[in-house]
Amino acid sequence: MQNANSSAEHTLTLVGRSACTVTGVEDVDCFNEQVVVLRTPLGALTLSGEGLNISQLNLEDGRLVVEGEIAAIEYAQRRKSGGFLGRLFS
């Protein structure tokens, strides 16, 4: 279920590879010191690095702050609609 505040708004702000603020966060799927995986209106977002720590999380507001040495930010490819044949011929 989607939060009312995260309908389609989504921002990502990276400050010097040491802090990342994400808005529009719908849920956090998993996290540890090397990876944080969360869901946004644009799909799954993975932050990876070293010593990662979620310093702020407010799912009601859809806001997350991760601190640590951020090495990569990656969105998962969204699945295309249309079933198997739609994906096969796209």
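In the stretch 34-52, the residues that are closer than 11 Å to GLU74 by Cβ reach residues that are part of a strand (DSSP E or B) and of a type in the set (Phe, Trp, Tyr) with C-beta atoms within less than 6 angstrom, at least six apart or across chains, in these pairs: GLY43/TYR75; LEU45/TYR75. The stretch 9-56 holds strands (runs of 3 or more DSSP E) entirely within its bounds, and those carrying 3 or more residues that are more than 11 Å from the chain's Cα centre (by Cα) and surrounded by fewer than 16 Cβ atoms within 10 Å (Cβ to Cβ) map to 11-15.
We did not get these values from a lab; they are worked out from the coordinates using the rules stated. All values reported here derive from a predicted model rather than from experimental measurement. Because the Cβ atoms are built from the backbone with ideal geometry, glycine has one as well, and the counts that use them run over all protein chains shown.
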